[in-house]
Structure formats: C-alpha cells, structure tokens
1. Evaluate segment 128-142: report whether one residue or more is more than 21 Å from the chain's Cα centre (by Cα) and at positive phi.
2. Mind checking which pairs have a first residue in segment 138-152 that is in a loop (DSSP other than H, G, I, E, B) and modelled with pLDDT under 95 and a second that is of a type in the set (D, E, K, R) and more than 9 Å from the ligand (Cβ to nearest atom), Cβ under 9 Å, 6 or more apart or different chains?
3. Looking at segment 23-80 only, could you name the residues that are crowded, with 17+ Cβ neighbours inside 10 Å, β-branched (Val, Ile, Thr) and touching a residue at least 40 places away in the same chain (Cβ under 8 Å)?
4. Can you spot a residue in segment 149-168 that is within 28 Å of residue 33 (Cβ to Cβ) and either touching a Cys at 6+ places or on another chain (Cβ under 7 Å) or within 16 Å of the ligand (Cβ to nearest atom) (or both)?
5. Within segment 114-137, which residues are at pLDDT below 95 and under 27 Å from residue 67 (Cβ atoms)?
6. If you check every pair at least six apart or on different chains, which have Cβ atoms under 6 Å apart with a residue in segment 165-193 that is at pLDDT below 95 first and a residue that is surrounded by fewer than 13 Cβ atoms within 10 Å (Cβ to Cβ) second?
Amino acid sequence: MELTDFTEFEPFNALRRQMGAEKLGFFELFDPAIHLTGEERSELENAGRLLPLEKVEVLGDKTLAIKNSRVLMYIPDESWHRSHRAYPSFHVALCETLEQCRQEDPKREYLVTTRIADDYQLLKIRPSGEVSVSEHGFVICKHCLHRLRYKNYDEYRNRRRGHSQKILSDFSLAEFFRLYKQYPLSFNAKRES
Ligand SMILES: [Zn+2]
C-alpha cells in the first residue's frame, strides 16, 4: 500500500502557511513495544509491577525505565532489609546496591512503580506466609544519588559532606522527576540521556 505524502498535499500546506507553522513538527506513532499502554501506566502508577532487574531498562544516564517512562524500584520484602541491615530505600538509578543485588540473585524481583510517594509499602512476610504492611518509611538510596551525582551529591568526598547531607535530607521525588523527566520519554531523549 502506498501512503500519501502529506508534505506535498497542497491543501495541508496552505493550512500550515495560514497557521504560520514553519516546521512540519514531530510525532511518534503509538507502538506498544516502546510506549506504555494506558493499562500499563495505571498498573505502574497504582499497585506497581514485580519485575527482575533484567526487565528494567537502564538509560544512558543510569536512571531506570520501563518503555517510555522513568520508574523507581525497591525490594518490598522487609526480611531482606533486615538480613542486609539496610534501611528501606528506593532506587532511581542502577546503583552499587542494585548491582550487588543482581550479583547475589539475578532473578530477585523488585516492586517497580511510577508512583510518587513517601510511603511505599514494605511488606512483612512471616515464615508462616502471613503478610502485613510494615510501619517503616522509605528513603532515597544514597548510592543512586552518588551514581547520578545528583546536584553534585558525593558520598565519599569529605569536603562535600555538608552539601551532600543537605541534598539527601531535602530530597523530593517530585523534584527529582522535574529534573529527570518521568514521562513520556521520546526515543531521542532516551538515546541522548
Ligand atoms: Zn540505589
């Protein structure tokens, strides 16, 4: 089937001139292989999705994405945090901790979400299989901030300790996703990032 080339379709060109639109503009056709469907977006925004790290794309800037949306992820199991003596934290980049977790167990599943909250649900799973919600709050992962050098955050430089401490305590996910656009990511943005 031959498609009409609308750039040579005079009535449209006349209309464009009338509108004062010089450029042809840019658009992407919807492709479910690279664009989240409405259903996927609402799943990520609400319950989130349990996925191993290999199903999450690591962008050029080391942030994490599912198709055309940046995401964050965390281990929802409280006993993991207890056995690793780790404070519950969520990840926004492929950091040292995630790399270690991947080595430890490549099939480990993470709760992947686009929801901006500070009360992600950490689940207590008892040996009996009983599940309840833990009262622990989540914090941003320091290693992620370091990996991104978020606002010049540096975990190891003493000279920057005061500055880095402030970045950590002032961290807001809403602001993070203002600096690192959450959605929609265009193909070009993903490549350049
Ligand atoms: Zn991290």
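1. First, pick out the residues of segment 128-142 that are more than 21 Å from the chain's Cα centre (by Cα): 128-136.
Imposing the further condition that a residue be at positive phi reduces the set to 129.
Yes; the residues of segment 128-142 include at least one that is more than 21 Å from the chain's Cα centre (by Cα) and at positive phi.
2. From residues that are in a loop (DSSP other than H, G, I, E, B) and modelled with pLDDT under 95, the pairs are 138/118; 138/119.
3. 56, 63, 66, 71
4. Of the residues in segment 149-168, the ones within 28 Å of residue 33 (Cβ to Cβ) are none.
Within segment 149-168 (the criterion being within 28 Å of residue 33 (Cβ to Cβ) and either touching a Cys at 6+ places or on another chain (Cβ under 7 Å) or within 16 Å of the ligand (Cβ to nearest atom) (or both)), the answer is no, since none of the residues qualifies.
5. As a first pass, look at segment 114-137 and keep what is at pLDDT below 95: 115-137.
Residues satisfying the conditions are 115, 116, 117, 118, 119, 120, 121, 122, 123.
6. These pairs meet every condition: 193/60.
Conditions (1) at pLDDT 95 or above; (2) β-branched (Val, Ile, Thr); (3) closer than 14 Å to residue 143 by Cβ; (4) out of contact with any His (no Cβ under 7 Å at 6 or more places or on another chain), marked per residue:
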residue: 46; (1), (2), (3), (4): no, no, no, yes
residue: 57; (1), (2), (3), (4): yes, no, no, yes
residue: 71; (1), (2), (3), (4): yes, yes, no, yes
residue: 74; (1), (2), (3), (4): no, no, yes, no
residue: 80; (1), (2), (3), (4): no, no, no, yes
residue: 93; (1), (2), (3), (4): yes, no, yes, yes
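The values are calculated or read from the model by the stated rules, or taken from the named source; none is laboratory data. Given the structure is predicted, the values throughout are model-derived calculations rather than measurements. Counting neighbours? That spans all protein chains shown, and the Cβs are built from the backbone with ideal geometry, glycine included.
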